[in-house]
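First up is the structure itself, then whatever we jot down about it.
The values are calculated or read from the model by the stated rules, or taken from the named source; none is laboratory data. Since this is a predicted model, take the numbers as computed values, not measurements. Here the Cβ positions follow ideal geometry from the backbone for every residue, glycine too, while neighbour counts run over all protein chains shown. Remember, those area values only see protein heavy atoms, side chains included, never the ligands or the DNA or RNA. Shrake-Rupley method; radii C 1.70, N 1.55, O 1.52, S 1.80 Å.
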Amino acid sequence: VWLESNNYVTTGKIDFTSKLNAIMELSTGLQANYYDLYDYSAYIENWLTTYASLWEAYPHSGSAYAEVSSRFTGGLVLNTGLRFDYFEPNAFILSPDNFEFLSASAKYQVSPRIGMTNPISDRDVFFCTYGHYFQMPNMNQMYFGTDYNANEAAAIVGNPDLDAQRTVSYEAGLRHRFTNNISLAVSGFYKDIT
(Lines give C-alpha, C1' and ligand atoms only; values in the text may rest on other atoms or scores of the structure.)
Protein backbone atom coordinates (compact mmCIF):
# COMPACT_ATOMS: atom_id res chain seq x y z
CA VAL A 1 0.00 0.00 0.00
CA TRP A 2 1.32 3.44 -0.92
CA LEU A 3 -0.41 6.81 -0.61
CA GLU A 4 0.51 10.41 -1.32
CA SER A 5 -2.22 12.91 -0.61
CA ASN A 6 -2.55 16.72 -0.34
CA ASN A 7 -5.81 18.43 0.55
CA TYR A 8 -6.24 22.18 0.88
CA VAL A 9 -9.49 23.93 1.72
CA THR A 10 -9.86 27.71 1.46
CA THR A 11 -12.88 29.05 3.35
CA GLY A 12 -14.51 32.46 3.51
CA LYS A 13 -17.30 33.13 5.99
CA ILE A 14 -19.35 36.11 7.14
CA ASP A 15 -22.10 36.19 9.80
CA PHE A 16 -24.42 38.99 10.87
CA THR A 17 -26.75 39.18 13.90
CA SER A 18 -29.23 41.95 14.65
CA LYS A 19 -31.96 42.49 17.24
CA LEU A 20 -35.14 43.27 15.25
CA ASN A 21 -37.27 44.17 18.28
CA ALA A 22 -37.71 43.18 21.93
CA ILE A 23 -38.75 39.65 20.94
CA MET A 24 -37.00 38.78 17.65
CA GLU A 25 -33.33 38.42 16.68
CA LEU A 26 -32.13 37.83 13.10
CA SER A 27 -28.98 35.87 12.22
CA THR A 28 -27.72 35.55 8.64
CA GLY A 29 -24.54 34.31 7.05
CA LEU A 30 -22.66 33.20 3.95
CA GLN A 31 -19.85 30.67 3.55
CA ALA A 32 -17.79 29.63 0.51
CA ASN A 33 -15.24 26.79 0.23
CA TYR A 34 -12.70 26.04 -2.49
CA TYR A 35 -11.01 22.61 -2.45
CA ASP A 36 -7.62 21.71 -3.95
CA LEU A 37 -7.39 17.90 -3.68
CA TYR A 38 -4.65 15.52 -4.85
CA ASP A 39 -4.41 11.78 -4.27
CA TYR A 40 -1.98 9.21 -5.65
CA SER A 41 -2.37 5.71 -4.25
CA ALA A 42 -1.35 2.18 -5.13
CA TYR A 43 -2.33 -1.15 -3.64
CA ILE A 44 -0.81 -4.47 -4.67
CA GLU A 45 -3.13 -7.32 -3.71
CA ASN A 46 -0.96 -10.03 -5.32
CA TRP A 47 1.46 -10.29 -8.22
CA LEU A 48 -1.46 -10.33 -10.70
CA THR A 49 -3.69 -7.66 -9.16
CA THR A 50 -2.63 -4.04 -8.68
CA TYR A 51 -4.90 -1.08 -8.04
CA ALA A 52 -3.66 2.46 -8.70
CA SER A 53 -5.39 5.81 -8.58
CA LEU A 54 -4.13 9.28 -9.44
CA TRP A 55 -6.65 12.09 -9.21
CA GLU A 56 -6.87 15.81 -8.71
CA ALA A 57 -10.09 17.71 -8.02
CA TYR A 58 -11.05 21.34 -7.54
CA PRO A 59 -14.67 21.37 -6.33
CA HIS A 60 -16.26 24.32 -4.58
CA SER A 61 -19.27 24.79 -2.33
CA GLY A 62 -21.26 27.53 -0.70
CA SER A 63 -24.09 28.09 1.73
CA ALA A 64 -26.31 30.89 2.97
CA TYR A 65 -28.68 30.95 5.92
CA ALA A 66 -31.17 33.16 7.71
CA GLU A 67 -32.65 32.41 11.13
CA VAL A 68 -35.09 34.30 13.34
CA SER A 69 -35.04 33.52 17.06
CA SER A 70 -38.14 34.71 18.94
CA ARG A 71 -38.20 34.81 22.75
CA PHE A 72 -41.69 35.25 24.20
CA THR A 73 -42.80 36.00 27.75
CA GLY A 74 -43.21 32.83 29.76
CA GLY A 75 -39.98 31.36 28.35
CA LEU A 76 -41.19 30.07 24.97
CA VAL A 77 -38.37 30.21 22.37
CA LEU A 78 -39.12 29.69 18.68
CA ASN A 79 -36.33 29.40 16.07
CA THR A 80 -37.24 29.42 12.38
CA GLY A 81 -34.72 29.35 9.59
CA LEU A 82 -33.89 28.66 6.00
CA ARG A 83 -30.56 27.42 4.61
CA PHE A 84 -29.32 27.10 1.03
CA ASP A 85 -26.46 24.66 0.25
CA TYR A 86 -24.64 24.37 -3.09
CA PHE A 87 -21.87 22.00 -4.26
CA GLU A 88 -20.12 22.13 -7.65
CA PRO A 89 -18.04 18.95 -8.29
CA ASN A 90 -16.14 20.66 -11.12
CA ALA A 91 -15.38 17.28 -12.71
CA PHE A 92 -16.28 14.98 -15.56
CA ILE A 93 -17.69 11.45 -15.49
CA LEU A 94 -17.17 8.76 -18.08
CA SER A 95 -20.48 7.69 -19.60
CA PRO A 96 -20.73 3.86 -19.53
CA ASP A 97 -22.99 3.88 -22.59
CA ASN A 98 -20.83 5.60 -25.19
CA PHE A 99 -17.52 6.22 -23.33
CA GLU A 100 -17.65 9.99 -23.60
CA PHE A 101 -16.96 12.46 -20.83
CA LEU A 102 -19.95 14.29 -19.35
CA SER A 103 -19.89 17.15 -16.86
CA ALA A 104 -20.96 16.23 -13.31
CA SER A 105 -23.94 18.31 -12.25
CA ALA A 106 -24.07 20.79 -9.36
CA LYS A 107 -26.04 19.75 -6.28
CA TYR A 108 -28.12 22.13 -4.17
CA GLN A 109 -30.93 22.23 -1.65
CA VAL A 110 -33.08 24.74 0.22
CA SER A 111 -33.55 23.48 3.79
CA PRO A 112 -36.26 24.79 6.15
CA ARG A 113 -35.70 24.35 9.89
CA ILE A 114 -37.81 25.06 12.95
CA GLY A 115 -37.24 24.47 16.65
CA MET A 116 -39.13 25.25 19.82
CA THR A 117 -38.47 25.06 23.56
CA ASN A 118 -41.27 25.74 26.03
CA PRO A 119 -41.08 25.56 29.83
CA ILE A 120 -43.89 23.47 31.33
CA SER A 121 -42.91 24.19 34.94
CA ASP A 122 -39.94 25.68 36.78
CA ARG A 123 -38.16 22.28 36.36
CA ASP A 124 -39.51 20.90 33.07
CA VAL A 125 -38.98 22.01 29.46
CA PHE A 126 -40.58 20.59 26.33
CA PHE A 127 -38.55 20.85 23.09
CA CYS A 128 -39.05 19.85 19.46
CA THR A 129 -37.25 20.37 16.15
CA TYR A 130 -37.88 19.77 12.47
CA GLY A 131 -35.34 20.27 9.72
CA HIS A 132 -33.94 19.35 6.33
CA TYR A 133 -30.17 18.71 6.03
CA PHE A 134 -27.73 18.38 3.12
CA GLN A 135 -24.35 16.59 3.23
CA MET A 136 -22.06 15.67 0.34
CA PRO A 137 -20.37 12.22 0.33
CA ASN A 138 -16.70 11.72 1.20
CA MET A 139 -14.49 13.25 -1.52
CA ASN A 140 -12.66 9.93 -1.97
CA GLN A 141 -15.97 8.25 -2.88
CA MET A 142 -16.49 10.92 -5.51
CA TYR A 143 -13.04 11.24 -7.07
CA PHE A 144 -11.10 8.00 -6.44
CA GLY A 145 -9.92 6.47 -9.70
CA THR A 146 -11.22 9.29 -11.88
CA ASP A 147 -8.02 9.15 -13.89
CA TYR A 148 -9.84 6.16 -15.47
CA ASN A 149 -6.76 3.95 -15.59
CA ALA A 150 -7.81 1.14 -17.94
CA ASN A 151 -4.61 -0.89 -17.42
CA GLU A 152 -5.98 -2.65 -14.36
CA ALA A 153 -7.84 -5.95 -14.36
CA ALA A 154 -10.53 -4.53 -12.03
CA ALA A 155 -10.56 -0.77 -11.66
CA ILE A 156 -12.31 0.91 -8.73
CA VAL A 157 -13.71 4.27 -9.81
CA GLY A 158 -15.50 6.94 -7.78
CA ASN A 159 -18.42 8.97 -9.06
CA PRO A 160 -18.11 12.80 -9.05
CA ASP A 161 -21.83 12.94 -9.86
CA LEU A 162 -22.94 11.32 -6.58
CA ASP A 163 -25.93 13.06 -5.06
CA ALA A 164 -25.90 14.56 -1.59
CA GLN A 165 -27.18 12.75 1.45
CA ARG A 166 -30.50 14.44 2.16
CA THR A 167 -32.10 14.09 5.58
CA VAL A 168 -35.46 15.11 7.00
CA SER A 169 -35.34 15.01 10.79
CA TYR A 170 -37.96 15.28 13.55
CA GLU A 171 -37.27 15.31 17.29
CA ALA A 172 -39.37 15.91 20.41
CA GLY A 173 -38.48 15.55 24.04
CA LEU A 174 -38.73 16.58 27.65
CA ARG A 175 -35.96 17.82 29.94
CA HIS A 176 -36.37 17.63 33.74
CA ARG A 177 -34.04 19.33 36.23
CA PHE A 178 -33.75 17.41 39.52
CA THR A 179 -31.22 19.76 41.13
CA ASN A 180 -29.01 22.62 39.93
CA ASN A 181 -26.39 20.01 38.90
CA ILE A 182 -28.53 17.07 37.74
CA SER A 183 -30.98 16.93 34.85
CA LEU A 184 -32.43 14.25 32.59
CA ALA A 185 -33.62 14.60 29.00
CA VAL A 186 -35.73 12.06 27.15
CA SER A 187 -36.33 12.49 23.45
CA GLY A 188 -37.62 10.60 20.48
CA PHE A 189 -36.48 11.28 16.94
CA TYR A 190 -37.11 10.16 13.40
CA LYS A 191 -34.74 10.62 10.45
CA ASP A 192 -35.55 9.96 6.82
CA ILE A 193 -32.18 9.73 5.02
CA THR A 194 -31.99 9.53 1.23
Most fluctuating of Asn159, Asn33, Asn138 in the GNM of the chain (C-alpha, under 10 Å) is Asn138
Quick calc: nm separation of the 7 Å Cα→Cβ label points for Asn6 and Ala106 -> 2.8 nm
Under a 1.4 Å probe, counting only protein heavy atoms, Leu20 has an accessible area in Å², nearest 10, of 90 Å²
Length-normalised contact order of segment 82-194, Cα under 8 Å, at least 6 apart, in percent, tallies to 23 percent
GNM on the chain, Cα springs under 10 Å; top mean-square fluctuation among Ser53, Ser105, Ser183 goes to Ser183
For segment 1-151, the dipole about the Cα centre with charges only on Cβ (Lys and Arg +1, Asp and Glu -1), to the nearest 20 debye, works out at 800 debye
Of the candidate values (1) -0.26, -0.47, -0.66, -1.28; (2) -0.55, -0.80, -0.93, -1.28; (3) -0.40, -0.68, -0.87, -1.29, the one computed for log10 I(q)/I(0) by the Debye sum over Cα atoms at q = 0.09, 0.12, 0.14, 0.19 Å⁻¹ from this structure is (2)
Once all protein chains are kept in place, Lys191 shows an accessible area at probe 1.4 Å, nearest 10 Å², of 120 Å²
Rounded to whole Å², per residue accessible area for the chain with a 1.4 Å probe reads 65 Å²
If unit charges are put on Cβ atoms (+1 for Lys and Arg, -1 for Asp and Glu) and the dipole of the chain is taken about its Cα centre, the option from Leu102, Ala164, Ala22 lying farthest towards the positive end turns out to be Ala22
Percent relative contact order for the chain, counting Cα pairs under 8 Å at least six residues apart, stands at 15 percent
Of every hundred units of 1.4 Å-probe accessible area on the chain, the number belonging to carbon and sulfur atoms, as a percent, is 57 percent
Toy charge model, Lys and Arg Cβ at +1, Asp and Glu Cβ at -1: segment 1-73 dipole around Cα centroid in debye, rounded to 20, equals 480 debye
Pseudo-spin-label distance Leu54 to Leu174, built 7 Å along Cα→Cβ, given in nm, is 6.4 nm
Of all chymotrypsin sites (Phe, Trp or Tyr not before Pro) in segment 5-65, the ones in DSSP coil with at most 11 other Cβ atoms within 10 Å are Trp47
